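Visitor: I am attaching a structure below and will ask some questions about it afterwards.
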Amino acid sequence: MIYLDNAATSLHRPPCVAEAVCQAMGSMGNSGRGAHDASLAAGRTIFDARRRVDRLFHGYGPEQAAFFPNVTAALNTAITSLLAGGGHAITTALEHNSVLRPLYRTGADLTILPADKAGRVDLSGLEAAFRPDTRLVVCTHASNLTGHVLDIAHIGAVCAKHGVPFVVDAAQTAGCFAIDMQAMQISVLCFTGHKGLLGPQGTGGLCLAPHIQLAPLMVGGSGVHSFDKEHPRQMPTALEAGTLNGHGLAGLAAALAWLEETGLDAIREKEDRLARRFYEGVKDLPGVVCYGDFSAAQRAPIVALNLGDWDSAAVSDELAQRFGILTRPGAHCAPLAHQALGTEEQGAVRFSFGYFNTEDEVDAAIQAMRTLAQEEA
Amino acid sequence: MRPKELQLVVVFDTTAAALAFEAAALAAGLGGRLIPVPPSIKAGCGLAWRDAPAARNAVDGLLRREAISGAHILEQII
């Protein structure tokens, strides 16, 4: 089996991640619920994860890092809170439904910066999109369909100039690209733990700039102020009602330690090299159409393509059944990006590469596509 | 039960702050430890740092050095 669906979730992880989860399940109590050894073990482990997340993103301190089950919960929290009462928001056509649907649900007026047929967003229209009632700019760091990377440092600077909060969806870039919250003037950085960060599913969260206050989606048990009728307002407790996924966060902390040791540059360089090797191997095959701008210096390690007029699900299934190559077909929860590419009906077959993939695996995927293309020619 | 005695009790706004202080205190060689916050004390966090009263200056210095906000040093018979 060759796993090339890393944009959906990582499959191959450093062994320390599963080991940390197993150890946590046999030793950790409930963080923040008492001060016995097992509870403190959980608290220390989760705090270690906060510190590492904060360090990775150059955030505003570990207490400003709140954990959620996934990036969707983090994005819902940020978007719902910052657009409470309506107003205007700016986003892009590259967004995942984890951004779009919360935006639609708020009822806010939206300006959606369009993408061209190569999946690029022209940010020259950003400045003009601001209105007096603009209350939020939210965008992905990289498209989960084409790998196109947005210049979030530029967007952050424009948002700062207008005094508007800037929310970033780093689902496809955390653990691969350097993200500096402070330098990039990001107000809320939302991340998932199970993709590039190589942690377990069920982990994710957000890092929050101190001048922004978010209302939680949920309130409830916090382990403190039990007689108060309101949930505590101090970060990170303010956004973390109920028991955290301590076992998963133990795995995430181990993964973050591995990332620090390995280095983002080494990870990004390898993933980029694998993706470009695959692209070079398939781009000229008869009937193959690749989507995106591969001349860009920075791209997430994703290659989306189609073969002739075949439904992307059929091609992906063929790759899995005949060649043991696992990819993701369909719409990838990115409806506006598919509209820009003109692939709403066909979808696309997404190959996404991770640090633990090899050149041999890439070559096998190229050969499989060559076989299919020759059969169709 | 052990006899009650005068103790230094440091309370925090958040668990994160308490754990940050614990890490710094252990690294600095302080002799205290985290305890459940006594019910008689109103605090944002369920964890408190208990130490000997003689450690007050060291604790205070560490809180400042680590820039841990929202912490308060109390003396309680517990």
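No value in this document is a laboratory result; all are computed from the given coordinates. What you see is a predicted model; the values in this text were computed from it and never measured. Counting neighbours? That spans all protein chains shown, and the Cβs are built from the backbone with ideal geometry, glycine included.
Visitor: Please identify the trypsin sites (Lys or Arg not before Pro) of region A:73-142 that satisfy two criteria: DSSP loop assignment and at most 13 other Cβ atoms within 10 Å. Which are they?
Guide: When the trypsin sites (Lys or Arg not before Pro) of region A:73-142 are filtered for loop state and at most 13 Cβ neighbours within 10 Å, A:Lys117 remain.
Visitor: Still on this structure, please answer the following. Between the helical axis of A:246-262 and the dominant principal axis of chain A, each derived from Cα atoms, what acute angle in degrees is found, rounded to the nearest 10?
Guide: Relative to chain A, helix A:246-262 is tipped by roughly 60 degrees.
Visitor: On to the next question. Rank the residues A:Val288, A:Val137 as a footprinting-exposure proxy: fewest other Cβ atoms within 10 Å of their Cβ go first.
Guide: Ordered from fewest to most neighbouring Cβ atoms within 10 Å, A:Val288, A:Val137 come out as A:Val288, A:Val137.
Visitor: Provide the gained length on full extension for the span A:Asp180 to A:Met25, in nm with one decimal, where the gain is 0.36 nm per separating residue minus the Cα-Cα distance.
Guide: Value of the extension gain: 52.5 nm.
Visitor: Here's something else I'd like to know. DSSP loop trypsin sites (Lys or Arg not before Pro) in region B:18-78 with at most 15 other Cβ atoms within 10 Å of their Cβ, which ones?
Guide: Working: sites: B:Arg33, B:Lys42, B:Arg50, B:Arg56, B:Arg64, B:Arg65; in loops: B:Lys42.
Filter output for region B:18-78: B:Lys42.
Visitor: Kindly provide log₁₀ I(q)/I(0) values, in the same order as q = 0.08, 0.12, 0.14, 0.15 Å⁻¹, from the Debye equation applied to equal alpha-carbon scatterers of region A:15-262.
Guide: -0.30, -0.67, -0.89, -1.01
Visitor: Go through region A:178-279 and name the chymotrypsin sites (Phe, Trp or Tyr not before Pro) that are in a DSSP coil and have 15 or fewer other Cβ atoms within 10 Å of their Cβ.
Guide: On the way: sites: A:Phe191, A:Phe227, A:Trp258, A:Phe278, A:Tyr279; in loops: A:Phe227.
Filter output for region A:178-279: A:Phe227.
Visitor: Taking H placed 1.01 Å from N in the peptide plane, check which residues at least 5 places from A:Leu113 or on another chain put their amide H under 5 Å from its amide H.
Guide: Those lying under 5 Å, H to H, from A:Leu113 are A:Thr91, A:Thr92, A:Ala93.
Visitor: Here is a follow-up. Quick check on the exposure proxy: order A:Glu269, B:Glu66 from fewest to most C-beta atoms within 10 angstrom.
Guide: A:Glu269, B:Glu66
Visitor: If you place +1 on the Cβ of every Lys and Arg and -1 on the Cβ of every Asp and Glu, how big does the dipole about the Cα centre of chain A come out, in debye to the nearest 20?
Guide: Using only the charged Cβ atoms, the result is roughly 940 debye.
Visitor: How high is the relative contact order of chain A, given as a whole-number percent (alpha carbon pairs under 8 Å, six or more residues apart)?
Guide: Computed over chain A, the figure is 24 percent.
Visitor: A follow-up question, please. Among A:Val53, A:Leu136, A:Gly107, which residue has its Cα positioned farthest towards the positive end of the charge dipole of region A:15-262, with +1 placed on the Cβ of Lys and Arg, -1 on the Cβ of Asp and Glu, and the dipole taken about the Cα centre?
Guide: Selected residue: A:Gly107.
Visitor: Sort out for me the Cα centre separation of region A:41-56 from region A:283-349, rounded to whole Å.
Guide: For region A:41-56 versus region A:283-349, the Cα centre distance is 37 Å.
Visitor: Answer with one residue from A:Val121, A:Ala66, A:Ala171: the one whose Cα lies farthest towards the positive end of the charge dipole of chain A, charges on Cβ with Lys, Arg +1 and Asp, Glu -1.
Guide: A:Ala66
Visitor: So if I place +1 on the C-beta of Lys and Arg and -1 on the C-beta of Asp and Glu, and nothing else carries charge, what would the dipole magnitude of region A:220-297 be about its Cα centre? I want it in debye, nearest 20.
Guide: Dipole size: approximately 140 debye.
Visitor: Now a separate question. Within a 10 angstrom radius of the beta carbon, how do A:Thr243, A:Thr80, A:Thr146, A:Thr203 rank from fewest other beta carbons to most? Each step should come with its number before you reach the end.
Guide: Details: A:Thr243 14, A:Thr80 17, A:Thr146 30, A:Thr203 27.
Fewest-to-most Cβ neighbours within 10 Å comes out as A:Thr243, A:Thr80, A:Thr203, A:Thr146.
Visitor: Viscosity 1.567 mPa s, temperature 4 °C: give me the Stokes-Einstein translational D for chain B in µm²/s, with Rh taken as the Kirkwood radius over C-alpha pairs. The partial results should precede the final answer.
Guide: Values: Rh = 12.3 Å.
Stokes-Einstein gives a translational diffusion coefficient of 105 µm²/s.
Visitor: Looking at the protein assembly as shown, what % of the alpha carbon pairs are farther apart than 44 Å?
Guide: 19
Visitor: Could you grab the relative contact order for region A:141-212? Cα pairs under 8 Å, six or more apart, rounded to a whole percent.
Guide: Details: 110 pairs, mean separation 19.3, N = 72.
It rounds to 27 percent for region A:141-212.
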